[in-house]
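Student: Have a look at this one before I ask anything.
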Amino acid sequence: MLLYNLRLAWKSVRRYPVLSALILLGIALGVGVSTTFITAYHVLARDPVPGKSESLYYVRMNSWGAADDPFLRTRTPPPLITWRDALELLKSRIPVRGTATFGARLTVFPPGGASPLRQRGRLVTTDFFPMFAAPFRYGGPWSREADAQGATVTVISSALNDRLFGGADSVGRTIRVEKAELRIVGVLAPWRPRVRAYAPLSDPLAAPEALFLPLALTASMEMRPAEMQMDWRNPAPGEEKLPYASRLMINEVLFMELWAELPDAAAVRAYKSFLNAYVAEQKKLGRFPHPADVRVTSLLDLLDEWKVVPPQTKALAAISLLFLVVAALNLIGLFLGKFLARASTVGVRRALGASRWMIFAQHLVECELMGLAGGCLGVLLSLAGLAVLNRVYGDGPDGVPFFQLDLPMLLAAVALSLLAGAIAGLYPAWRICAIPPARHLKSQ
Amino acid sequence: MEFGPIFRSLLRNRARVILIVAEVALTLAIVANCLGLILDTRAKLARPSGFDDEHLIAIYSNPFDDRLRDPKLLNQLVDQDRRALAAVAGVRAVSETGLRPWESSGSRTSVRVPGTHDEPVPTQAAQADPGLFDALGLPIVQGRDFTEAEYDHGADAPADEVQPVVVSRALADQLYPSGDAIGKAIAIADESERFTIVGIVDRFYNPFGEASEKIMLSPGRSAGFDFGAHYLVRTQGNPGPLLPQLEKALLSVDKGRLVRLRTVIEDRDEYHGRDRLLVASLDAVMALLVLVTALGIVGLTSFSVAERQRQIGTRRALGADRLAIVRHFLLENWMVTSFGVVLGVLLAYGLNFGIVTWVAGAKLSPATVATGALALWAIGLGASLGPALRGSRVPPAIATRNV
């Protein structure tokens, strides 16, 4: 029966080629536009570290100075923390893992004497890699001892490895970065998280850095943070003569992100009371003049709070869904016209014994067929649309496109097109099967 | 006019009427909101910086040769660089500055009139060297430029000397609303440093933080080994072709560094990239939507014409001319579209309310809604014209056939 209905549908398509093409185009445009923008939203809003984000917490505390400066908004904690606080808090054993990081720009000297490269780098502790699910192709993270000793090691991105070593396993080789010779312990696989979740304050949609270095190298390599820094304290006399990195360490400059992995609510509570105790202790030393305000925010809440996903993306997704509704309304009209135009054939089938239900099924099959075909065309359209978006947003340096149609979105697109076909076909199919056969037989 | 008969015939074709009304209404709601978003974003994109953006090149020079860790040598290098850049034909002005137009980074602080307890005013802060005002194309409209001695002192000025600053009009007006800011004092909010305003630049916009129209410029230099040196070059003509020559000029001075050159227009386009993508997406959605809706109206009207061949034939046989037939269908469609437009205006405001409440965006202006409404009226009429003309060509004889 289904086969028979499919054959009838095919015949009907061939009989009205222009009308059928219009219907197909209508579905394809509706599905294409909505799939493109819903995918864009879906990609941007998706959990950046699936399976881990629930246990990742960002730490803020109000370490502003006493001056009540509304520009610095001293009544709420700053978005970043100081070196001395980050290093002290990292010692806590309450989090399963923890890392403190900041971004830097680094000059990398390729082996063999080619001209140096300027690359984005990040100073982290080894827990960074498992916490943010960084995938390794060769080697792995450095050890905790390496963190403690300030070992001259590094993990490089797959793009940098391609550029310097032609993609070969470079673990164990040495590259010069700034003044230091660093041994490569790990090479990442291509990595393009939707959101650079570990540094959501500075250009969160950018690709991850090319090099990762132990935080303990900050002083010896005279690192200078390249992302946001806030400084409310005036330098002490003679301080300006010190190297920049040393100044950062003794100063109140806010430039670091501190992350803690806390497995459950009890750990969050314990960690919070640990932080409050730390603030109380620091108050005795004359720091933290404001009321203690310690915030331990989960990754997803933080992305929400800082509006990391551009809100316009949501508006576009909503608008494109409405577009699909208009396209479906349009289809109702087209199907209605098409079906009523051949009402006389239906009259003959009814007179020969076809039940209403059979007529209804026949027409619904035709609608679904068109829906499915239009949906496939629409998916192709949305692939083209996403390719355009990717060109503007930019592929990652690893060549991983930013926006990709994943399986759930693909299934959603197919479901959408079937739904559009059903919604658009239901009324016309019902209308045509409700027509009494006699009226159309008479006019023959 | 045949309003009565048309209205009654519409009542007999409720499905078709409802479809067109719903389609037109939804389309208008979407188009009006898209238009609103597009106009808001366009206004943001069109915002002038006050600089001569089209003729500016930003150059980043990052030393890697350990020799250049010596600040004296680095300072000499900056002087040599400036001379080398200025010597390239087509270069109008050169400046060494940390201020980079259209980059959402920089340095900011907050200031107030010393001795008062007014709310501190957040502002951008940057250092100016003797070429900066010329390089930005930012004339000093009131007061004066820094003197040579002031430029020479820079950050090393004696601590007891009051340091001169040039501020933007927006900052001057906020601190001294009566317009007499020249010669007056300003201080960092905690009064750790005091300055005297010696000059005012007019329009200034840089997309950094909240302080985007306010800036305070002090004489000085920003170059350092780890920070590098940043140059702004203003050209006489199109800056693009000069990039290779400028790079060569710098590398011939010293090769121990990395040099990166970009036109400020590139920076501006990058800064606007996502907004431009949004506008392009909305444009595309709007155009496709209007196309789909127009096709829908053409389709539905065609069917209604095809369905009523015999009625048309009868009317023609009874003496109606072709114009009357065209008028009938146009009027019918106009009525249906009008229902849709009225409903669409309500829907547009409803959708806008939703977007403003749950997403983000500005309120719709009545002009935008009116523009959308007029456009849809025109599209509705235009789309029904073809089928109506076809209907008018139905010969009267058809009424007598097939009975």
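Student: Could you tell me whether the stretch A:85-94 includes any residue that is closer than 30 Å to residue A:268 by Cα, touching a strand residue (DSSP E or B) at 6+ places or on another chain (Cβ under 8 Å), of a type in the set (S, T, N, Q) and surrounded by fewer than 20 Cβ atoms within 10 Å (Cβ to Cβ)?
Tutor: Scanning the stretch A:85-94 turns up at least one residue that is closer than 30 Å to residue A:268 by Cα, touching a strand residue (DSSP E or B) at 6+ places or on another chain (Cβ under 8 Å), of a type in the set (S, T, N, Q) and surrounded by fewer than 20 Cβ atoms within 10 Å (Cβ to Cβ).
Student: What is the number of the single condition among (1) over 26 Å from the mean Cα position of the chain (by Cα); (2) of a type outside the set (Val, Ile, Thr); (3) over 29 Å from residue A:55 (Cβ atoms) that residue A:147 does not meet?
Tutor: The failed condition is (3).
Student: Given the criteria assigned to a helix (DSSP H, G or I) and modelled with pLDDT of 85 or more, does residue B:73 qualify?
Tutor: The answer is yes for residue B:73.
Student: Could I ask something else about it? Which ranges mark the strands (runs of 3 or more DSSP E) fully within the stretch B:159-224 that have 3 or more residues being touching a residue at least 60 places away in the same chain (Cβ under 8 Å) and more than 32 Å from the chain's Cα centre (by Cα)?
Tutor: B:185-188
Student: Can you tell me which condition residue B:179 does not meet? The list is (1) surrounded by fewer than 21 Cβ atoms within 10 Å (Cβ to Cβ); (2) in contact with a strand residue (DSSP E or B) (Cβ under 7 Å, 6 or more places away or on another chain); (3) of a type outside the set (A, V, I, L, M, F, W, C), and all the others hold.
Tutor: (2)
Student: Filter the stretch A:111-147 down to the residues that are farther than 27 Å from residue A:245 by Cβ and among the aliphatic types (A, V, I, L, M), then identify the one that is surrounded by the most Cβ atoms within 10 Å (Cβ to Cβ).
Tutor: Ranking the qualifying residues of the stretch A:111-147, first place goes to A:133.
Student: Tell me which residues, restricted to the stretch A:298-309, are outside any helix (DSSP H, G or I) and surrounded by fewer than 17 Cβ atoms within 10 Å (Cβ to Cβ).
Tutor: Matches in the stretch A:298-309: A:298, A:306, A:307.
Student: I'm checking my understanding of the structure. Among residues of the stretch B:343-354 that are without any contact (Cβ under 8 Å) to a residue 24 or more places away in the chain and within 14 Å of another protein chain (Cβ to nearest Cβ), which one is surrounded by the fewest Cβ atoms within 10 Å (Cβ to Cβ)?
Tutor: Checked the stretch B:343-354; the qualifying residue surrounded by the fewest Cβ atoms within 10 Å (Cβ to Cβ) is B:353.
Student: Which of the residues spanning the stretch B:1-27 are touching a residue at least 60 places away in the same chain (Cβ under 8 Å), within 12 Å of chain A (Cβ to nearest Cβ) and within 27 Å of residue B:370 (Cα to Cα)?
Tutor: B:16, B:17, B:19, B:20, B:21, B:22, B:23, B:24, B:25, B:26, B:27
Student: Out of all the residues in the stretch B:89-100, is one or more in contact with a helix residue (DSSP H, G or I) (Cβ under 9 Å, 6 or more places away or on another chain), surrounded by fewer than 15 Cβ atoms within 10 Å (Cβ to Cβ) and assigned to a helix (DSSP H, G or I)?
Tutor: There is no residue in the stretch B:89-100 that is in contact with a helix residue (DSSP H, G or I) (Cβ under 9 Å, 6 or more places away or on another chain), surrounded by fewer than 15 Cβ atoms within 10 Å (Cβ to Cβ) and assigned to a helix (DSSP H, G or I).
Student: Provide a single number: the residues in the stretch A:203-221 that are at pLDDT 85 or above and within 12 Å of chain B (Cβ to nearest Cβ).
Tutor: 1
Student: Please count how many residues of the stretch B:304-328 are surrounded by 21 or more Cβ atoms within 10 Å (Cβ to Cβ) and within 14 Å of chain A (Cβ to nearest Cβ).
Tutor: Of the residues in the stretch B:304-328, 2 are surrounded by 21 or more Cβ atoms within 10 Å (Cβ to Cβ) and within 14 Å of chain A (Cβ to nearest Cβ).
Student: Test of understanding: among B:78, B:24, which residue is over 30 Å from residue B:271 (Cβ atoms) and among the aliphatic types (A, V, I, L, M)?
Tutor: B:24
Student: What number of residues within the stretch B:187-220 are closer than 28 Å to residue B:48 by Cβ and away from chain A (no Cβ under 14 Å)?
Tutor: 16
Student: Select from the stretch B:285-297 the residues that are facing chain A (nearest Cβ under 8 Å) and of a type in the set (Gly, Ala, Ser) and list them in ascending order.
Tutor: B:296
Student: I'd like the residue in the stretch A:314-364 that is more than 7 Å from chain B (Cβ to nearest Cβ) and among the hydroxyl-bearing types (Ser, Thr, Tyr) and, out of all such residues, is surrounded by the most Cβ atoms within 10 Å (Cβ to Cβ).
Tutor: Per the criteria, the residue is A:344.
Student: Identify, by number, the condition in (1) touching a Ser or Thr at 6+ places or on another chain (Cβ under 8 Å); (2) closer than 22 Å to residue B:279 by Cβ; (3) more than 14 Å from chain A (Cβ to nearest Cβ) that residue B:32 doesn't meet.
Tutor: Residue B:32 satisfies every listed condition except (3).
Student: Give the residues of the stretch A:341-366 that are under 14 Å from residue A:429 (Cβ atoms), among the polar types (S, T, N, Q) and in contact (Cβ under 8 Å) with a residue 60 or more places away in the chain, sorted by residue number.
Tutor: Result: A:362, single match.
Student: Across the stretch B:35-58, which residue is nearest to the other protein chains (Cβ to nearest Cβ) among those that are of a type in the set (Gly, Ala, Ser) and over 23 Å from residue B:242 (Cβ atoms)?
Tutor: Step by step, filter the stretch B:35-58, then rank; the result is B:36.
Student: Turning to a different aspect of this structure: Could you tell me whether any residue of the stretch B:59-75 is among the hydroxyl-bearing types (Ser, Thr, Tyr), within 14 Å of chain A (Cβ to nearest Cβ) and at negative phi?
Tutor: yes
Student: What pairs come out if I take residues in the stretch B:355-367 that are within 8 Å of residue B:36 (Cβ to Cβ) and within 11 Å of chain A (Cβ to nearest Cβ) and pair them with residues that are surrounded by 11 or more Cβ atoms within 10 Å (Cβ to Cβ) and at pLDDT 80 or above whose C-beta lies under 6 Å away, six or more apart or interchain?
Tutor: B:361/B:355
Student: Scan the stretch A:103-122 residue by residue and report those that are assigned to a strand (DSSP E or B), out of contact with any Gly (no Cβ under 8 Å at 6 or more places or on another chain) and either among the hydroxyl-bearing types (Ser, Thr, Tyr) or away from chain B (no Cβ under 14 Å) (or both).
Tutor: A:107 - this is the single residue of the stretch A:103-122 that is assigned to a strand (DSSP E or B), out of contact with any Gly (no Cβ under 8 Å at 6 or more places or on another chain) and either among the hydroxyl-bearing types (Ser, Thr, Tyr) or away from chain B (no Cβ under 14 Å) (or both).
Student: Here are some conditions: (1) away from chain B (no Cβ under 14 Å); (2) in contact with a strand residue (DSSP E or B) (Cβ under 8 Å, 6 or more places away or on another chain); (3) outside any loop (DSSP other than H, G, I, E, B). Residue A:159 meets all but one. Which one does it not meet?
Tutor: (2)
Student: Which is at pLDDT 85 or above, small (Gly, Ala, Ser) and more than 30 Å from residue A:46 (Cα to Cα), of A:273, A:298, A:320, A:246?
Tutor: Criteria check complete, one pass: A:273.
Student: Applying the selection to the stretch B:102-119, what residues are surrounded by 21 or more Cβ atoms within 10 Å (Cβ to Cβ) and farther than 15 Å from residue B:208 by Cβ?
Tutor: Of everything in the stretch B:102-119, just one residue is surrounded by 21 or more Cβ atoms within 10 Å (Cβ to Cβ) and farther than 15 Å from residue B:208 by Cβ, namely B:111.
Student: Moving on to the next point. Only one of B:242, B:250 is of a type in the set (A, V, I, L, M, F, W, C), more than 11 Å from every other protein chain (Cβ to nearest Cβ) and touching a helix residue (DSSP H, G or I) at 6+ places or on another chain (Cβ under 8 Å); which?
Tutor: Every option except B:250 fails the conditions.
Student: Report, ordered by the first and then the second residue, all pairs with beta carbons closer than 6 Å, sequence separation of six or more or different chains, a first member in the stretch B:266-281 that is facing chain A (nearest Cβ under 10 Å) and under 12 Å from residue B:37 (Cα atoms), and a second member that is surrounded by fewer than 16 Cβ atoms within 10 Å (Cβ to Cβ) and not β-branched (Val, Ile, Thr).
Tutor: As it stands, the answer is B:275/B:45, since those pairs meet every condition given.
Student: Considering every residue within the stretch B:372-394, establish whether at least one is surrounded by fewer than 14 Cβ atoms within 10 Å (Cβ to Cβ), under 28 Å from the mean Cα position of the chain (by Cα), in a helix (DSSP H, G or I) and not hydrophobic (A, V, I, L, M, F, W, C).
Tutor: No, the stretch B:372-394 has no match at all.
The values are calculated or read from the model by the stated rules, or taken from the named source; none is laboratory data. These figures come from a predicted structure and were not determined experimentally. Neighbour counts run over all protein chains shown; Cβ positions are idealised from the backbone, glycine included.
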